[in-house]
Amino acid sequence: MNAYGEGWSFDDTRPEWGRFALGFVSGIVAHEAGHYVVATSEGYKVGHDGLSIVYPGAVFTASDHLQVASAGFQTQWLLTELILRDRAGKEMKEPPGNFGAGVVCAHLGITLAYMTVLKNHKLGDIAGMAQATGRTNNQIALALAIPGVLDTWRLFGNQVPEWVPYVSVLGKGIGLARIWTY
C-alpha cells in the first residue's frame, strides 16, 4: 500500500510565521463566513451575541437549522480538501505551505474546541446540529471528530497510508450529503 511521505511541522513556520498566522486567522474567518453565507442565502438575519453568531427572530426548519449550524464545519472541510489536494484532485505528496497549514490548523483547532469546551454551549454549532437532528451533542461531536482526526494525520503524519485521505473525503462527503438532503 502506498503511503505519503513527510508531514508538515511547526518547525516549518519559523521563517514564515506570519503566513501561518494569516492562514490560521483566515480559517477562523472562513468558518464564520460559512455561517453568514448559508444563513443569509436562506433569508435569515445574522447578528452577534458576544463571540457567537446569532440569527435574530429566526424560526428555523430542522433542515435550515442543520445547514446553518454546520456551515462553518462544511467550509472547513472544503478548504482542507482544497489545501491538501493538488490541482488534479489527488492527495499532495508534500506538505502544504505555511498559509495552507495555518488554515488546516484553524480547522483542527475549531474542531477540538467544539469537541471539548464548546460542545455544550447553547449557541454553539454542535448544540444547533443536535437540536436540528434530535441527536445528542456527543453523537454530533463524534461525527465531527472523525474527519478532524484523519485531517490531523494527513497534515502532520509521516508515512500516512493511502486510504486515510479517501476515508476523510468519504466521511465529509457523506456528511455534506446528509446535511443538504435532511
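Dipole magnitude for the chain: about 300 debye, using +1 per Lys or Arg Cβ and -1 per Asp or Glu Cβ, origin at the Cα centre. Simple spin-label estimate for Leu142 and Ala113 gives 2.5 nm between the two label positions (7 Å along the Cα-to-Cβ direction from each Cα). At an R0 of 25 angstrom, the distance between the Cβ atoms of Val29 and Asn158 translates into a FRET efficiency of 0.25.
Charge tally for Leu112 (other residues, Cβ to Cβ under 15 Å; Lys, Arg +1; Asp, Glu -1): -1. Please work out whether the range 3-180 counts as rounded, prolate or oblate from its C-alpha gyration tensor, where a ≥ b ≥ c are the square roots of the eigenvalues and a/c under 1.5 means rounded, while otherwise a/b larger than b/c means prolate and anything else oblate? Taking the square roots of the gyration eigenvalues as a ≥ b ≥ c, the range 3-180 is prolate. Axis angle, to the nearest 10 degrees, between helix 163-180 and the longest C-alpha principal axis of the chain: 20 degrees.
Rounded to the nearest 0.05, what FRET efficiency do Phe10 and Ala177 have when you use their Cβ-Cβ distance and R0 = 30 Å? The partial results should precede the final answer.
Numbers: r = 34 Å, r/R0 = 1.15.
So the FRET efficiency works out to roughly 0.30.
Candidates Val25, Gln139, Val37 compared by Cα position along the dipole of the range 3-180: farthest toward the positive end lies Gln139, with charges placed on Cβ.
Footprinting exposure proxy ranking of Trp8, Trp77, fewest other C-beta atoms within 10 angstrom first, gives Trp8, Trp77. For the range 45-95, trypsin sites (Lys or Arg not before Pro) are listed when DSSP marks them as loop and at most 14 other Cβ atoms sit within 10 Å of their Cβ; the list is Lys45, Arg87, Lys90, Lys93.
Compute the acute angle (0 to 90°) between the alpha-carbon long axis of helix 98-115 and the principal axis of greatest extent of the alpha-carbon atoms of the chain; round to the nearest 10°. So the inclination is approximately 50 degrees.
Relative contact order of the range 3-180, please, whole-number percent, based on alpha carbon pairs below 8 angstrom and at least 6 residues apart. Mind dumping the intermediate values first?
Working: 239 pairs, mean separation 56.7, N = 178.
Rounded, it is 32 percent for the range 3-180.
Between helix 137-156 and the chain there is an angle of about 20 degrees, using the helix long axis and the longest principal axis of the Cα atoms.
Every number in this text was worked out from the coordinates using simple rules, so none of it is lab data. As the structure is a computational prediction, the values presented were derived from the model and not from experiment. Glycine gets a Cβ as well: all are built from the backbone with ideal geometry, and neighbour counts include every protein chain shown.
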